[in-house]
Amino acid sequence: MTRRFVAIRLKVPDNTAYTALVALQRLGVDVGQVERATIVPVGDGDDAAVLERVRRDESLFNPNLHEVEIRNTLEPEPGEMVVREVPGSDDMSFPRRRSHIRASRARDDKVEGRARVRPAKRATQTSWKLFDRDGHPVSKATLGLARDVLLCNPAIEEAEMPCDGGELPA
């Protein structure tokens, strides 16, 4: 079996993608459309089993709001960048916050003698697809500019862009 990923997009208008579009245009990036999706690893299985597993997970997928696409790889397509959090960049990486969070958790764990349930963090990634005004995927240079001015915070995120053997914009 092959490791699978799903891209989950909104069926309804995506306010975050629209806001990114307007901001990129105001920042001088020549872009006509922005699409956003959340990419989630879903494990092994054939297409039907993967789709069924995703559709049953209400914390991940709402059939009234979302559409799902199976991806066999995280390799970005032309005009797409995949943004993920840099490992170790969560709140626990800052010493001052770390001590405050530990003290808070210790207090919470002692309440009524029960252990506190902490939600598991999913290893999600965000896919940003950018298109020009004619509906074609943008160039790597435009994608690199969008990454640098808005779509990726290098302090806590890293972006993977398509590589066709050429040099990626710095």
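The values are calculated or read from the model by the stated rules, or taken from the named source; none is laboratory data. Remember, predicted model here, so these are calculated numbers, not experimental data. FYI the Cβ positions are ideal-geometry reconstructions off the backbone, even for glycines, and counts take in every protein chain you see.
The set of residues from the range 30-75 being touching a helix residue (DSSP H, G or I) at 6+ places or on another chain (Cβ under 9 Å), in a loop (DSSP other than H, G, I, E, B) and either farther than 20 Å from Met161 by Cβ or without any contact (Cβ under 8 Å) to a residue 40 or more places away in the chain (or both) comprises Asp44, Gly45, Leu60, Phe61, Pro63. Per the listing Leu143, Leu150, the residue uniquely closer than 30 Å to Gly43 by Cβ, part of a helix (DSSP H, G or I) and at pLDDT 95 or above is Leu143.
Looking only at residues of the range 31-48 that are among the hydrophobic types (A, V, I, L, M, F, W, C) and surrounded by 14 or more Cβ atoms within 10 Å (Cβ to Cβ), we find that the one that is nearest to Leu130 (Cα to Cα) is Val34.
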